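The values are calculated or read from the model by the stated rules, or taken from the named source; none is laboratory data. Note that the structure is predicted; figures quoted are calculated from it, not measured. Cβ placement follows ideal geometry from the backbone for every residue including glycine, while neighbour counts extend to all protein chains displayed.
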Amino acid sequence: MELRQLEYFVAVAEEASFTRAAERVHVAQPGVSAQIRRLERELGQELLDRSGRTVRLTEVGAAVLPYARAALRAVDGSRLAVDELASLVRGRVAVGMVTACSTPALFDLLAEFHRMHPAVEISLSEANSSQLILGLHDGRLDLALIGVGGASPAGLTARVLLDEPLVAAVRRDDPLGTARTVTLRALRDRPLISLPVGTGLRSCIDDACSAAGLRLRITLETSNPGVLALLAARGLGVAILPASLAAEHEAELHVVTITQPALRARIELAWRPDGTASPAARALIRLAQGAQDAQGAQHG
């Protein structure tokens, strides 16, 4: 078994195409196909299903993929460790953040890291929280800013950056326009505006409804938290959104505190605790931990 075989296998699995994988690894397509065939012969099982329009993993291939990724990360880590011992941190870190993130702490962290380690390439991508958590677990991401409705995700280390209540926001001429509080049950017959399934805010709502035996009418969804307020201000429903975001639109929205149960959502910075991160990623994680510890000391 050769490292290049694992590299080609991971590329095809992630691109779902031999052609795109070949372009990614800068090797002719027949060479990629031949190396993966050799790997399959050595393992005695087919790793890829080539029968459809796109290449898919077989059951065996899906089982092998995380080990192939781990092997490649280990090799990259060993190479970069040599540079780290020579006081040169270089390489690449992959960072994810929830869609339309407006928390400056992450951007401040990346700016400081870039100042300290200008040779490190930083990759930043957006997705919903469930996709980011999956990316952390399978090694595609080193660090991610995620939204959390309940407990922190299992198998990850996380630091809370923001913890605030969720509120109901309506246009000022709405029937709730004079209310100060509203129960979750009282909202069940109202059209609601929310982030989609897979986000921390939506998980918070869905978990609370499940515990209370409620089914709410979510009629509009948007992946951009700011759009929630804009839709509510136009009378399209009751938006459930973080209190800080509602405050930014107080001129056009009336904010109502949700009780029974009170809802809270958190923004957390998360990473794998298993020690498989590259030296560059470990440097970023140490910086994040230091920044959080310093912030805690200031507020202590």
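Given GLY149, GLY177, which one is farther than 22 Å from GLU14 by Cβ, touching a Cys at 6+ places or on another chain (Cβ under 8 Å) and of a type outside the set (Lys, Arg)? Even if it seems obvious, please write down each step before you answer.
On the way: GLY177 fails: touching a Cys at 6+ places or on another chain (Cβ under 8 Å).
The unique qualifying residue is GLY149.
Regarding ARG41, is this residue basic (Lys, Arg) and either modelled with pLDDT of 90 or more or outside any helix (DSSP H, G or I) (or both)?
Values: basic (Lys, Arg): yes; either modelled with pLDDT of 90 or more or outside any helix (DSSP H, G or I) (or both): yes.
Spelling it out, ARG41 is indeed basic (Lys, Arg) and either modelled with pLDDT of 90 or more or outside any helix (DSSP H, G or I) (or both).
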(request) Report yes if LEU284 is crowded, with 22+ Cβ neighbours inside 10 Å and either of a type in the set (Asp, Glu) or within 30 Å of ASP138 (Cα to Cα) (or both), otherwise no. (result) yes
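State whether the residues of segment 131-151 include one that is of a type in the set (S, T, N, Q), at pLDDT 90 or above, touching a helix residue (DSSP H, G or I) at 6+ places or on another chain (Cβ under 6 Å) and closer than 18 Å to SER223 by Cβ.
So in segment 131-151, the residues of a type in the set (S, T, N, Q) come out as 131.
Next, from what is left, pick out any that are at pLDDT 90 or above: 131.
Subset that is touching a helix residue (DSSP H, G or I) at 6+ places or on another chain (Cβ under 6 Å): none.
Looking through segment 131-151, none of the residues is of a type in the set (S, T, N, Q), at pLDDT 90 or above, touching a helix residue (DSSP H, G or I) at 6+ places or on another chain (Cβ under 6 Å) and closer than 18 Å to SER223 by Cβ.
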(request) Only residues that are surrounded by 18 or more Cβ atoms within 10 Å (Cβ to Cβ) and touching a helix residue (DSSP H, G or I) at 6+ places or on another chain (Cβ under 7 Å): list them for segment 256-265, please. (result) LEU263, ALA265
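If you check VAL182 against the conditions, is it surrounded by 21 or more Cβ atoms within 10 Å (Cβ to Cβ), more than 13 Å from the chain's Cα centre (by Cα) and modelled with pLDDT of 90 or more? Full working, then the answer.
Working: surrounded by 21 or more Cβ atoms within 10 Å (Cβ to Cβ): no; more than 13 Å from the chain's Cα centre (by Cα): yes; modelled with pLDDT of 90 or more: yes.
No, not satisfied.
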(request) Kindly indicate which of VAL238, VAL227 is at pLDDT 95 or above, among the aliphatic types (A, V, I, L, M) and surrounded by 14 or more Cβ atoms within 10 Å (Cβ to Cβ). (result) VAL238
(request) Find the residue count for segment 1-44, including only residues that are surrounded by fewer than 16 Cβ atoms within 10 Å (Cβ to Cβ), touching an Asp or Glu at 6+ places or on another chain (Cβ under 7 Å) and under 17 Å from LEU57 (Cβ atoms). (result) 0
(message) Tally up the residues in segment 25-54 that are in contact with a helix residue (DSSP H, G or I) (Cβ under 6 Å, 6 or more places away or on another chain) and in contact (Cβ under 8 Å) with a residue 40 or more places away in the chain, please.
(response) 0
(request) Just give me the residues in segment 109-154 being without any contact (Cβ under 8 Å) to a residue 24 or more places away in the chain and farther than 17 Å from ALA280 by Cβ, in sequence order. (result) LEU134, ALA151, ALA154
(request) Determine, yes or no, whether GLY198 is at positive phi, touching a residue at least 12 places away in the same chain (Cβ under 8 Å) and in contact with a Pro (Cβ under 9 Å, 6 or more places away or on another chain). (result) no
